[in-house]
Amino acid sequence: MSVQTNRTESLAESDVFHILGNDRRRSIVQLLAAEAGQVDVSDIASEIAANESDTTPVPNNLYKSVYVSLQQTHLPQLQEDAVIEYDSDAKTIQPGPNFDDVLQYIDGHKEQQSTALTLHLALCVLGLVVIALAGLGIPLLSSIDPVLSSVLVLLAVAASSLYRLLG
């Protein structure tokens with residue numbers, strides 16, 4: 001794994017898979033995404049310990065073990081890769097610059113991609129319907145030039161794609 005402390009470039013896919021290859025790091029990212037803001041490390045440790053425990057209440061030794069592993073291993077790794085910002089004094093974490101790079105690989109967090117694809121499909125279908133109806137001689141739509149409507153639909157899809165790529 002990389003040993004950079006102030007990482008500014010995006011994560012390579014292999015780095016993302018390394019991060020998500022560990023259950024606890026994956027849980028940290030999921031829990032932080034669910035909270036959408038700053039989270040106490042003790043709350044994360046409690047959630048992870050509860051998920052790993054077969055008993056209720058969670059045994060104190062398991063909680064302590066999870067808390068220590070977060071402090072010594074997982075949080076520093078995630079901070080090093082700029083996935084989180086970790087305040088070791090306040091014992092809190094929040095999303096870092098590369099958080100979304102990692103989050104997009106976790107199930108259930110692909111809504112943005114799905115929305116863009118749905119928009120593109122809707123634009124294409126709308127364009128095809130307008131062209132087909134214009135070709136059938138429907139009075140209002142027959143005055144629309146099919147080439148012009150095709151170009152407009154393609155421009156809309158291209159603009160949306162460019163927005164997604166740059167955003």
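Is it the case that V68 is open to solvent by less than 20 Å² (accessible area, probe 1.4 Å) and either aliphatic (A, V, I, L, M) or under 22 Å from Y105 (Cα atoms) (or both)? No; evaluated as a whole, the condition is false for this residue. Taking region 64-107 as the range and being polar (S, T, N, Q) and in contact with a Gly (Cβ under 9 Å, 6 or more places away or on another chain) as the test, the residues that pass are Q79, Q94.
Results for (1) surrounded by 14 or more Cβ atoms within 10 Å (Cβ to Cβ); (2) within 30 Å of D43 (Cβ to Cβ); (3) of a type in the set (S, T, N, Q); (4) out of contact with any Asp or Glu (no Cβ under 9 Å at 6 or more places or on another chain), shown as yes or no for each residue.
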{"residue": "N61", "(1), (2), (3), (4)": "no, yes, yes, yes"}
{"residue": "N98", "(1), (2), (3), (4)": "yes, yes, yes, no"}
{"residue": "I131", "(1), (2), (3), (4)": "yes, no, no, yes"}
{"residue": "V147", "(1), (2), (3), (4)": "no, no, no, yes"}
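Elements of the type helices (runs of 4 or more DSSP H) sitting completely within region 62-142 and holding at least 3 residues that are closer than 27 Å to L166 by Cβ, free of Cβ contacts under 8 Å to residues at least 60 places away in the same chain and in contact with a helix residue (DSSP H, G or I) (Cβ under 7 Å, 6 or more places away or on another chain): these cover 111-135.
Hey, could you check region 19-51 for residues that are open to solvent by 30 Å² or more (accessible area, probe 1.4 Å) and at pLDDT below 90 and say which is nearest to P95 (Cα to Cα)?
A36
The values are calculated or read from the model by the stated rules, or taken from the named source; none is laboratory data. From a predicted model like this one, the values you see are computed outputs, not experimental measurements. Neighbour counts run over all protein chains shown; Cβ positions are idealised from the backbone, glycine included. What goes into the accessible areas is simple: the full protein's heavy atoms, side chains included, and nothing from ligands, DNA or RNA. Shrake-Rupley method; radii C 1.70, N 1.55, O 1.52, S 1.80 Å.
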